[in-house]
1. Taking the range 181-234 only, how many residues are part of a loop (DSSP other than H, G, I, E, B), of a type in the set (Val, Ile, Thr) and either in contact with a Gly (Cβ under 8 Å, 6 or more places away or on another chain) or not assigned by TED's automatic domain parsing to the domain that holds Ala359 (or both)?
2. Which residue is farthest from Glu377 (Cα to Cα), if the candidates are limited to the range 324-336 and must be outside any loop (DSSP other than H, G, I, E, B) and in contact with a Leu (Cβ under 8 Å, 6 or more places away or on another chain)?
3. From the set of residues in the range 26-50 that are touching a helix residue (DSSP H, G or I) at 6+ places or on another chain (Cβ under 9 Å) and outside any loop (DSSP other than H, G, I, E, B), which is farthest from Tyr75 (Cα to Cα)?
4. List every residue pair whose Cβ atoms lie under 6 Å apart, where the two residues are 6 or more positions apart in sequence or sit on different chains, the first residue falls within the range 24-41 and is touching a residue at least 60 places away in the same chain (Cβ under 8 Å), and the second residue, located anywhere, is in a loop (DSSP other than H, G, I, E, B).
5. Under 24 Å from Val204 (Cβ atoms) and either modelled with pLDDT under 95 or not acidic (Asp, Glu) (or both): which single residue out of Ala78, Ala104, Ala82, Ala63 fits that description?
6. Is it the case, given these coordinates, that Arg38 is assigned by TED's automatic domain parsing to the domain that holds Gln92, exposed (fewer than 13 other Cβ atoms within 10 Å of the Cβ) and under 15 Å from Gly12 (Cα atoms)?
7. Give the residue, chosen from Leu33, Leu6, Leu54, that is over 24 Å from the mean Cα position of the chain (by Cα) and crowded, with 24+ Cβ neighbours inside 10 Å.
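The values are calculated or read from the model by the stated rules, or taken from the named source; none is laboratory data. Because the structure is a prediction, the values reported are computed rather than measured. A quick note on method: Cβ atoms are made from the backbone with ideal geometry, for glycine too, and the neighbour counts reach across all protein chains shown.
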Amino acid sequence: MKIALLGYGVVGSGAYKIIAERPDCGLLVKRALVRTMRPGPAEGFLTTDFNDILNDPEIELVAEAMGGLEPAYTYVMAAIRAGKHVVTANKQLVCAHFRELAQAAEEYGVQLRYTASAGGGVPWLYNLLRAKRLDEIEAISGSINGTCNFILGNMHKHKAQLAEVLAEAQRMGYAEADPAADIDGLDQQRKCAISAALAFSALVPEEKVDTAGIRHISAVDIAWAEQRGFVCKLMMHCRRESAGLTAYVEPTLLPAGLPEANLPVRSSIATLHGKYIGRLSFFGAGAGTLPTGMNMMQDAMDIYLGVGEVQNYAEDAQIDNTLAVHPYYVRGEAKLPGVCEQGDGWAITEPMCVSAMHALAREAVQEGRPLFFAGIEEE
């Protein structure tokens, strides 16, 4: 099967390298779209004209590795309408336009796959779908933002402040110049929405996932956590309840013995809880050129070999985060409904619902008194 890459940067170049080194795999990357022309691995391989790919009947599959919404959405939709399969690692695209893309893929008889959009190189979504075939998924969770794992891991390791660890992450290329998508939890919000949709067979709009990041964390919070046997991670959580689903992203204080608490700084982990299988965790490189490129090309291989199934959902999930209740660690000035322990500038709340805690934090930010909070998880 001849394929084309939309984008030849971090992920696209990794995907090309993997396929080029496995000529026996059955896939051949024929063209790659770039914004500006530069030397490529072969003459005529790179192009700045999408029509060179769209109008080539030999190209049966397009792998989108551009990122962002436009022109990625326009190109992907055009490829689908031209009868070409699509694989993508673009979580923003999948969250914003899943319904339209899935409907178009069904209409034009092609496949849309996106298991690299959550977890990078970790085969999380693929195995989530596999588990769901015969099991009933009860809950999912995970720490699948590599930048935040790097930051929090090094804050624990070096007892450092956020600003200095973030600067190091930017210097090493783990964090963007504008790190908001990572440290404000927006990247993991999208991954939570995608994961929850596949786990529970319904669309989960990203804006329905209550989200808080680590922008306001301090070395003081890390020290407090360690003194009490906790490790802080930015976690996604989603659970099936009798009255609907809960879905949220927030800093979480984990008991030091849990696998998530012992995550190496450059890795990600995602976990499902099945009615029959129990807990299954998937751990590995959560980002990067080769890990993400590998996962995207695995989707292409599955299409080529006819492996797996395509998941299309039309109904929105009913998200109700009043159903998720647990205590919180809070540092800063806050109007807490109930406190069971407090100290110098910090407090432990009585169990309260996620939606109330997130609303309280948003109100504090709007009033110019940002606070840091983290859910407290028991063994």
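1. Looking only at the range 181-234, we keep the residues that are part of a loop (DSSP other than H, G, I, E, B), and these are 184-185, 201-202, 204-205, 209, 212-218, 228-229.
Then keep just the ones that are of a type in the set (Val, Ile, Thr); that gives 204, 209, 214, 217.
Applying the additional criterion that residues be either in contact with a Gly (Cβ under 8 Å, 6 or more places away or on another chain) or not assigned by TED's automatic domain parsing to the domain that holds Ala359 (or both) yields 214.
Qualifying residue count, the range 181-234: 1.
2. The initial filter retains those residues of the range 324-336 that are outside any loop (DSSP other than H, G, I, E, B), namely 325-326, 328-331.
Narrowing further to those that are in contact with a Leu (Cβ under 8 Å, 6 or more places away or on another chain): 329-331.
Numbers: Tyr329: 11, Val330: 14, Arg331: 17 Å.
It comes out as Arg331.
3. Taking the candidates together, the pick is Leu28.
4. Going by the 6 Å Cβ cut-off, the qualifying pairs are Leu27/Met1.
5. Values: Ala78 fails: under 24 Å from Val204 (Cβ atoms); Ala82 fails: under 24 Å from Val204 (Cβ atoms); Ala63 fails: under 24 Å from Val204 (Cβ atoms).
It is Ala104.
6. Working: assigned by TED's automatic domain parsing to the domain that holds Gln92: yes; exposed (fewer than 13 other Cβ atoms within 10 Å of the Cβ): yes; under 15 Å from Gly12 (Cα atoms): yes.
Taking the combined requirement at face value, the residue satisfies it.
7. Details: Leu6 fails: over 24 Å from the mean Cα position of the chain (by Cα); Leu54 fails: crowded, with 24+ Cβ neighbours inside 10 Å.
Being over 24 Å from the mean Cα position of the chain (by Cα) and crowded, with 24+ Cβ neighbours inside 10 Å holds for just one of Leu33, Leu6, Leu54, which is Leu33.
Yes or no, residue by residue, for (1) in contact with a strand residue (DSSP E or B) (Cβ under 8 Å, 6 or more places away or on another chain); (2) of a type in the set (Asp, Glu); (3) surrounded by fewer than 22 Cβ atoms within 10 Å (Cβ to Cβ); (4) without any contact (Cβ under 8 Å) to a residue 24 or more places away in the chain:
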residue	(1), (2), (3), (4)
Gly146	yes, no, no, no
Gly153	no, no, yes, no
His158	no, no, yes, yes
Leu166	no, no, no, yes
Met172	no, no, yes, yes
Gly185	yes, no, no, no
Lys191	yes, no, no, no
Leu198	no, no, no, no
Ala212	yes, no, no, no
